[in-house]
Amino acid sequence: MRTVWTTAAILVMVLLSGCAVESGYEPANGDIVFQTSRSGQSAAIQAATKSRYSHMGVVYVRDGRPVVFEAVEPVRATPLDQWIARGEGGHFVVKRLANAAEVLTPAALARMQAVGEGFAGRPYDLYFEWTDDRIYCSELVWKIYERGLGVEIGALQSLGDFDLSSPPVREKLRERWAGGPPLDEKVISPAAMFASDLLIEVYRGKALRP
């Protein structure tokens, strides 16, 4: 009996050790997280932007607990573990400013959070308009960094710059713009922010439940 217990104990320790390695992300204020959303428009965003990732947010650590400030319905902070679980397969990628240690000072983070809180409760923008009345996920993150830190992560584009030819995209366009989309509307995509050379990747993986 003693031998069986010892073997079981060793097995548990090994499994827990493996989980620690796999889930080794250490959240830091200002991190930018990307995932594949399971929302109805995710396939259209992926097709139009040629990117796996269709949703994103900013990480803050509040009272020792990481949350993701994100534009959903409405704009709000979501516990990181819940945010991860909501994505496709629990997969997510974390990027961080290459010079985060120098520029993400407490004062800078306070400015960024103040900008974000100004959007809290705003409705999600299904029409991807460049206004503050409604806001979508990448727009929220871009404006938090630009207005709070003076840093533009990712190049702005026009809606017409994207590939609007695939069936999932055309379906969403018909749903939202009876007379056709405003092709000159200024937009920022998760793909453009993901590709920014201002960011470095600090984690890529899948969350494991304890």
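The values are calculated or read from the model by the stated rules, or taken from the named source; none is laboratory data. Keep in mind that this is a model prediction, so the values were computed, not measured. So basically every Cβ, Gly included, is an ideal-geometry build from the backbone, and we count neighbours across all protein chains shown.
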### Looking only at region 160-204, and only at residues there that are among the aliphatic types (A, V, I, L, M) and in a loop (DSSP other than H, G, I, E, B), the one that is surrounded by the most Cβ atoms within 10 Å (Cβ to Cβ)
Ile188
### Enumeration of residues in region 105-119 that are outside any helix (DSSP H, G or I) and more than 17 Å from Asp31 (Cβ to Cβ)
Gly118, Phe119
### Task
Just name the residue that is nearest to Val68 (Cα to Cα) out of those in region 84-112 that are β-branched (Val, Ile, Thr) and in contact with a helix residue (DSSP H, G or I) (Cβ under 8 Å, 6 or more places away or on another chain).
Ile84
### Task
Scan region 28-59 for residues that are among the basic types (Lys, Arg) and either surrounded by 20 or more Cβ atoms within 10 Å (Cβ to Cβ) or over 14 Å from the mean Cα position of the chain (by Cα) (or both) and report the count.
1
### Query
Could you count how many residues in region 6-27 are charged (D, E, K, R) and either under 15 Å from the mean Cα position of the chain (by Cα) or at pLDDT 50 or above (or both)?
1
